[in-house]
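Single-structure report; data block below.
None of the figures in this text is laboratory data; all of them are computed from the coordinates on show. Note that the coordinates shown come from a computational prediction; the quantities given were computed from them, not determined experimentally. Glycine gets a Cβ as well: all are built from the backbone with ideal geometry, and neighbour counts include every protein chain shown.
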Amino acid sequence: MSSTKASALLEALIQRGIQITLDGEDLCVRAPRGVMSTDDWEVVRESKSELLELLRRRHTPTLSFPDYPWRRQVATWPVEWRQRWGEQSNTFELAGLGWLEAEREAFQNVKAEKQAAESPAAAKRKVPI
């Protein structure tokens, strides 16, 4: 496979939400559940040396997923809310959701909890010590 074909393959995979990074002399592939077909895995295996070379030339240790809007918002939350989001996301993923759906669902749940906890009605319910 030529360098141009390897580059096109890598870009096509990234567009589908598939992350390919360097892990020493190996490729690390992470994809949402059900996105990678057996044919995709075979193409990646056959193109491993070209993909490794391409990633090394880009001087990029990782290629990240597209920017998901909830991640920017979660990053601004206090640590206890970020931790709650991460725990819920992990729970959803363990229950069978793909990581993307798990993150999105956890974000919606924790955002609603956070808004309810920060509402003026919630402040009135607090009992001073």
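I need the helices of the chain that pass two filters: whole DSSP H segments spanning 15 Å or more by Cα along the axis, and mean Kyte-Doolittle score no lower than -0.5.
Helices meeting the criterion: 3-15.
Taking the Cβ of Ala95 as the centre, find all other residues whose Cβ is under 13 Å away and add up their charges (Lys, Arg: +1; Asp, Glu: -1).
Within the 13 Å Cβ shell, the charges total -3.
What does the C-alpha gyration tensor say about the overall shape of region 3-57? Classify as rounded when a/c is under 1.5, otherwise prolate if a/b is larger than b/c, or oblate.
It is prolate, given that a/c is not under 1.5 and a/b is the larger ratio.
Kindly count the pairs of lysines across the chain whose alpha carbons are less than 22 Å apart, treating pairs on different chains or eight or more residues apart as eligible.
Counting lysine pairs in the chain gives 5.
What's the magnitude of the charge dipole for the chain around its Cα centre, counting Lys and Arg as +1 and Asp and Glu as -1 at the beta-carbon? Answer in Debye, nearest 20.
760
Report, to one decimal in Å, the Kirkwood hydrodynamic radius for region 69-125 based on all distinct Cα pairs.
Computed over region 69-125, the radius equals 11.7 Å.
Taking the Cα atoms of the chain, report the difference between the largest and smallest coordinate on each principal axis, in whole Å and largest first.
68, 30, 22
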